[in-house]
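Each remark here refers to the structure printed beneath this line.
The values are calculated or read from the model by the stated rules, or taken from the named source; none is laboratory data. All values reported here derive from a predicted model rather than from experimental measurement. Neighbour counts run over all protein chains shown; Cβ positions are idealised from the backbone, glycine included. Only protein heavy atoms, including side chains, enter the accessible area calculation; ligands, DNA and RNA are left aside. Shrake-Rupley method; radii C 1.70, N 1.55, O 1.52, S 1.80 Å.
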Amino acid sequence: MQMVTLGTLSLSGEAGVLAMRRKLLAVAQRLGASTSKATRLAAAASDHAKDVTRTTALEVLVGLSGSASAQELCVDFTATYPGADTLLRLGWDRVEPLVDGQRRGWRACCKIDPIVMADPAISWCQAVIAEQGVQELVEALHANNHALQMAKEAEEGVRARLSLLLGAAPVVVYSFRAGGDFAPTFVSDSIQGMLGYRTDEYLENADFWRSCVHPDDLAGVEAEQVQLFRTGQHLAEYRFRKKDGSYCWVSDEQHLTRDSEGHPLEVVGSWSNIDTRKAAEQAFQAAQVELEKANEAKSAFLANMSHEIRTPMNAVIGLSHLALKADPSPRLRDYLIKIKSSGQHLLGIINEILDFSKIEAGKLSIENVEFDLDKVLENVGNLISEKAEEKGLELIFDIEPSINSTHLRGDPLRLGQILINFCNNAVKFTEAGDVVIKGRVLEASEDSQLVEFSVSDTGIGMTEAQVGRLFQAFEQADTSTTRKYGGTGLGLAISKRLAELMGGEVGVTSELGKGSTFWFTSRLGKGSAALRPSLFRSDLRGRRLLIIDDNSSARTVLSSMLMDMTFVVDEAASGEEGIEKVRQAAKRSEPYEIIFVDWQMPNLDGMETSKRILALPDLSISPHLVMVTAYGREDVLKQAEEEGLENVLIKPVTSSTLFDTIVAILHAHPEATGHAQVAPSFEIDRTRGTRVLLVEDNEINQEVAIGLLEDAAIQVDVAENGEIAVRMAQENDYDAVLMDMQMPVMDGIEATRAIRSNPRLQNLPIIAMTANAMAADREKCLKAGMNDHVSKPIDPDQLFSVLLRWTERRNDEATLESLLGS
């Protein structure tokens, strides 16, 4: 900036100081400052100069700094002792260190109205600074005495108010130099109330702060304080010793001030007592520790209970599966299916409790795999249809065609879990009518779909107050509901959390006495697997089908599926209407190729309707008849077969099941059948000859596993505990080891470590097959050296899938090593 010197004053006594004050007052007023402002400037400068000239001479340079648009009146004082700037700050806008060649001191500046640098006012000011008239000085002193007195009184008032405010504040305000010896420069009177020290004890002790910080906190606080000089501010919490020797927690907030060139000048900070907050935090942390201990104890209990329950359940479900393969009579098959279904229901309750435990511990996770939505829905239908059948309810799937059901990514297990929970509740609280599962696309992008699934019923419904209590753990609509209908009250809370983990939310609409609709959304990705083969789609286009069903919702859903497959579809609401439509279509030479007939209808049921259709004369083409029923009883299946019906579809019907049934009928695919399959869902040749070591101490579980493995042509050796397993693995060559975790003598973890210690067995696949189903158990297995984990009760498809993955990988690696070796 441009600097115009107005003059230089050499002060050596009181007369010189008075002359300087008079001249500064006159110059400031000439440059546009008000009388009060000019008085404050002159008074502050003269008070400062008076202190300095008591011990030494003082040189004062008066100048005009800046440009034509922004100017300041500046006074340079060659005085360097500590605190020399304190008085100047009371009157001037800005005070900063003066470093100008050999000159050291302080520069005080005050903004003035801009003037033109060549203005005669500059010459006038220069003349005033240079004049030496004593008489003028006396006159000026008398003229400004009153103004000076007023300025001092105002200054004292400001100081008093500031002191009062700082003393009453709940914090201690302090400052110290940002360099050299970091000597303290100010502290508020509140230091005595908070910490017990007098202000002079702080101001006169350069080492005050370091001596009071708790020794255990000092090093860390000093290390972090470097941030103050990087960012200009810093916040720390530490223990500070009070004068009585006790310690209190303080929050220390500091701000760094710098000069115009960026050099650190001073640190201004404040101490706040945070003992109360720290006590609350420590109490909270203690409570958290106790809560974690309680959660650990609960998790351990749940894990143990899970193991104890899953072990006999493995026998119930596994032996039911094996018995179903023994070609039982229709009645016995029905019993076995119900036993297996009940065991799976019990397993669902256990999984629900474990899931809730995982939610509380924040350990519930979601998979992201490719899956077929139709298979998820089929599983839901298999688990829910029997309950619906017992109450005479119609179970209907209404899935929008835009949902690419065979080409999705997400977590099919958790998706099905929510649907099963909603459907169970719908059936439980509905005495008559139907339960409809719908799927709709809300949003679609290139790589994902936001899908809304809903389950609607015609049941008891709920009030607004009852709705407000849903989706909370251990809560149902009210206690009377729990007593009448049962239930753990965990399902909806778990469903809510699962939906959130899948990028969605849950909700419900309900009207008392008219039913409820529970819904959830899920963000599902698009998979990379091939779409459903469309080999026969061109053959299906335009073919004529008839649906005979008294339930309008069921007709609408089935018709929508068939029309999406390019069929021409007609509907009939009764057996009589259906027979007439068949007769009229034959007359028009537009016969129906397939007729879907509901089993339970008023007047004419499905069986009688089918008989009369087959008995119609003059049918150029005998239609294929498919019985559609919500009742999977053996007598229905048997009677349908006796009456010449080619297939039976069990409601609810999915699009994939419907498509496969039609293709099987029209193209006579013998592999398609309406009966449940219990044989392995893979080629047995892939496992034939595989040798597996089964490590299991429970005899019933041994029987279940051996039955499953031998059915897949797998050679099985059995070890009753880990110690025997280690010896057998060293003496024989196995393709894989199925290892239980909890066994006498030596458990599965210890046995795995022992096997892995043998270099020859480093790559032997070891698969945990255990009732310990917690995530921590899986991690423990993998950490010990196991390759994978299959939980009990054993799902045959999962077991064989895991076995194939590891045995085929090992065979491929062995083949590669052989080729490289040769």
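Residue-wise test of (1) closer than 30 Å to Ala108 by Cα; (2) assigned to a strand (DSSP E or B); (3) in contact with a Gly (Cβ under 7 Å, 6 or more places away or on another chain); (4) in contact (Cβ under 8 Å) with a residue 24 or more places away in the chain.
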{"position": "Ala223", "(1), (2), (3), (4)": "no, no, no, no"}
{"position": "Lys243", "(1), (2), (3), (4)": "no, no, yes, yes"}
{"position": "Glu261", "(1), (2), (3), (4)": "yes, no, no, no"}
{"position": "Ala280", "(1), (2), (3), (4)": "no, no, no, no"}
{"position": "Val289", "(1), (2), (3), (4)": "no, no, no, no"}
Q.
Looking at region 646-655 only, could you name the residues that are under 39 Å from the mean Cα position of the chain (by Cα) and open to solvent by 10 Å² or more (accessible area, probe 1.4 Å)?
A. Lys651, Pro652, Val653, Ser655
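Residue by residue, here is whether (1) open to solvent by less than 80 Å² (accessible area, probe 1.4 Å); (2) charged (D, E, K, R) holds:
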residue: Asp189; (1), (2): no, yes
residue: Gly193; (1), (2): yes, no
residue: Ala219; (1), (2): yes, no
residue: Arg239; (1), (2): yes, yes
residue: Gln254; (1), (2): yes, no
residue: Leu265; (1), (2): yes, no
Q: Scan region 375-420 residue by residue and report those that are under 17 Å from Met502 (Cβ atoms) and among the charged types (D, E, K, R).
A: Arg409, Asp411, Arg414
(Q) So Arg409 ticks every box in (1) in contact (Cβ under 8 Å) with a residue 60 or more places away in the chain; (2) in a helix (DSSP H, G or I); (3) farther than 23 Å from Leu558 by Cα but one. Which box is left unticked? (A) (2)
Q. Would a scan of region 446-455 turn up a residue that is surrounded by 21 or more Cβ atoms within 10 Å (Cβ to Cβ), farther than 14 Å from Val653 by Cβ and touching a Pro at 6+ places or on another chain (Cβ under 9 Å)?
A. no
**Q.** Extreme residue, least open to solvent (accessible area, probe 1.4 Å), among residues of region 195-206 that are among the hydroxyl-bearing types (Ser, Thr, Tyr) and assigned to a helix (DSSP H, G or I)
**A.** Tyr202
(Q) Looking at Gly392, Gly461 in this structure, which one is in contact with a strand residue (DSSP E or B) (Cβ under 6 Å, 6 or more places away or on another chain), at positive phi and among the small types (Gly, Ala, Ser)? (A) Gly461
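For every residue, the table says whether it meets (1) within 15 Å of Leu694 (Cα to Cα); (2) at pLDDT 85 or above; (3) open to solvent by less than 20 Å² (accessible area, probe 1.4 Å).
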residue: Gly748; (1), (2), (3): yes, yes, yes
residue: Ser757; (1), (2), (3): no, yes, no
residue: Ile767; (1), (2), (3): yes, yes, yes
residue: Thr770; (1), (2), (3): yes, no, yes
residue: Ala773; (1), (2), (3): no, no, no
residue: Ile794; (1), (2), (3): yes, no, yes
residue: Asp797; (1), (2), (3): no, no, no
residue: Leu804; (1), (2), (3): no, yes, yes
residue: Asn811; (1), (2), (3): no, no, no
Q. Among the residues of region 561-612, how many are in contact (Cβ under 8 Å) with a residue 12 or more places away in the chain, at negative phi and under 56 Å from the mean Cα position of the chain (by Cα)?
A. 32
Q: Quickly run through region 555-581 and pick out the residues that are at pLDDT 90 or above and open to solvent by less than 10 Å² (accessible area, probe 1.4 Å).
A: Ala572, Gly575, Gly578
Q.
Looking at region 540-552, I want the residues that are assigned to a helix (DSSP H, G or I) and have a partner that is small (Gly, Ala, Ser) with Cβ atoms under 9 Å, at least 6 apart or on another chain. Which pairs are those?
A. Ser552/Ala573
(Q) Of the residues Asp660, Asp717, Asp697, only one is at pLDDT 80 or above and under 44 Å from the mean Cα position of the chain (by Cα); which? (A) Asp697
Q. How many of the residues in region 167-184 are modelled with pLDDT under 90, on the phi < 0 side of the Ramachandran plot and over 48 Å from the mean Cα position of the chain (by Cα)?
A. 2
(Q) Let me spell it out: the conditions are (1) at pLDDT 90 or above; (2) outside any helix (DSSP H, G or I); (3) polar (S, T, N, Q), and Gln742 meets all of them except one. Which number is the exception? (A) (1)
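Okay, residues lined up against (1) more than 22 Å from Leu649 (Cβ to Cβ); (2) at pLDDT below 75; (3) in a helix (DSSP H, G or I); (4) in contact with a helix residue (DSSP H, G or I) (Cβ under 7 Å, 6 or more places away or on another chain):
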position	(1), (2), (3), (4)
Gly343	yes, no, yes, yes
Leu347	yes, yes, yes, yes
Asn351	yes, yes, yes, no
Ser357	yes, yes, yes, yes
Glu360	yes, yes, yes, yes
Ser365	yes, yes, no, no
Glu370	yes, no, no, no
Leu377	no, no, yes, no
Q | Enumeration of residues in region 385-405 that are under 23 Å from Asp564 (Cβ atoms), open to solvent by 30 Å² or more (accessible area, probe 1.4 Å), in a loop (DSSP other than H, G, I, E, B) and not small (Gly, Ala, Ser) | A | Glu400, Pro401, Asn404
(Q) Please go through region 1-24 and give me each residue that is assigned to a helix (DSSP H, G or I) and either more than 16 Å from Lys111 (Cα to Cα) or open to solvent by 10 Å² or more (accessible area, probe 1.4 Å) (or both), ordered by number. (A) Glu14, Ala15, Gly16, Val17, Leu18, Ala19, Met20, Arg21, Arg22, Lys23
